[in-house]
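Nothing in this text is a laboratory measurement; each read-out follows from the coordinates by a stated rule. Model, not experiment: these values are computed from the prediction. Note that we place each Cβ from the backbone using ideal geometry, even for glycine, and neighbour counts take in every protein chain shown.
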Amino acid sequence: MPKTILNKWQITARELTSIVENNPSLRGMLLGYVAEKKFHDMFLGHEGISKIGKADDHDRKRKGDRHIVYKGVDIVIEVKSLQTNTIRKLDDGTWYGKTQVDASDRRVVCLPNGEKLETTCLVAGEFDLLAINLFAFEEKWRFVFAKNENLPRSSWKGYTYEQRQYLLATLMDVTWPPKPPYHEDPYLLLEEFVRERKRELLFPTESFIKTKK
């Protein structure tokens, strides 16, 4: 039987728990990887999914924590977590928090209009579906989902108006129960992707006009 990380490092579960709890950056990183696995186990066993992949964490050119093929359509999924210090329960019982949706460091990106820009923002369209784990609300493994095209854009005045239309906001509000653009059921959104991609194949000119807008 392979050794656990506790055996290898010769520490107890209590000691590891203390280390994780007392180092927020470590806790956030570990929770992120655990969330990826939970998302995988909870949602990627669907019969419509024929292929599952994962990009290299150090590959700056490919975003997405999971790359799947759903009913013949390629879909890139980004998995994010809540920022613990933003969480609160509102008077009406709704849970509220913020999630950080950005790159790990600054890099040069090419915007859809051909302009190059150095930023930590993610470019609209770099992935298809955002999955946010809500474990930090009530220590229950729940997720909400939103299509990239419906996510808020950057409001930072240091970018021009046109640049902001192509850059995703780095902090986004999240609630439970979910409110638009978030949904509890990812398969409804996956079905939308299938319909849209099929329509793009049938009407490529219409798709080009929509993209230019």
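Of all the residues that make up region 166-188, how many are out of contact with any Ser or Thr (no Cβ under 9 Å at 6 or more places or on another chain) and over 27 Å from residue 110 (Cα atoms)?
Count: 8.
Identify the residue in region 1-29 that is in a helix (DSSP H, G or I) and of a type in the set (D, E, K, R) and, among all such residues, is surrounded by the most Cβ atoms within 10 Å (Cβ to Cβ).
27
Please find, within region 125-150, the residue that is surrounded by the most Cβ atoms within 10 Å (Cβ to Cβ) out of those that are within 17 Å of residue 93 (Cα to Cα) and touching a Leu at 6+ places or on another chain (Cβ under 8 Å).
134
What number of residues in region 179-195 are more than 20 Å from residue 44 (Cβ to Cβ) and not basic (Lys, Arg)?
2
Counting only residues that are without any contact (Cβ under 8 Å) to a residue 60 or more places away in the chain and either among the aromatic types (Phe, Trp, Tyr) or under 18 Å from residue 181 (Cα atoms) (or both), how many does region 80-122 have?
Residues flagged as without any contact (Cβ under 8 Å) to a residue 60 or more places away in the chain and either among the aromatic types (Phe, Trp, Tyr) or under 18 Å from residue 181 (Cα atoms) (or both) within region 80-122 amount to 3.
Quick check: anything in region 174-183 in contact with a strand residue (DSSP E or B) (Cβ under 9 Å, 6 or more places away or on another chain), among the hydroxyl-bearing types (Ser, Thr, Tyr), under 22 Å from residue 48 (Cβ atoms) and surrounded by 15 or more Cβ atoms within 10 Å (Cβ to Cβ)?
So far as region 174-183 goes, yes, one or more of its residues are in contact with a strand residue (DSSP E or B) (Cβ under 9 Å, 6 or more places away or on another chain), among the hydroxyl-bearing types (Ser, Thr, Tyr), under 22 Å from residue 48 (Cβ atoms) and surrounded by 15 or more Cβ atoms within 10 Å (Cβ to Cβ).
When region 144-190 is examined, which residues are found to be in contact with a helix residue (DSSP H, G or I) (Cβ under 7 Å, 6 or more places away or on another chain), closer than 23 Å to residue 38 by Cβ and assigned to a loop (DSSP other than H, G, I, E, B)?
Within region 144-190, just 181 meets the criteria.
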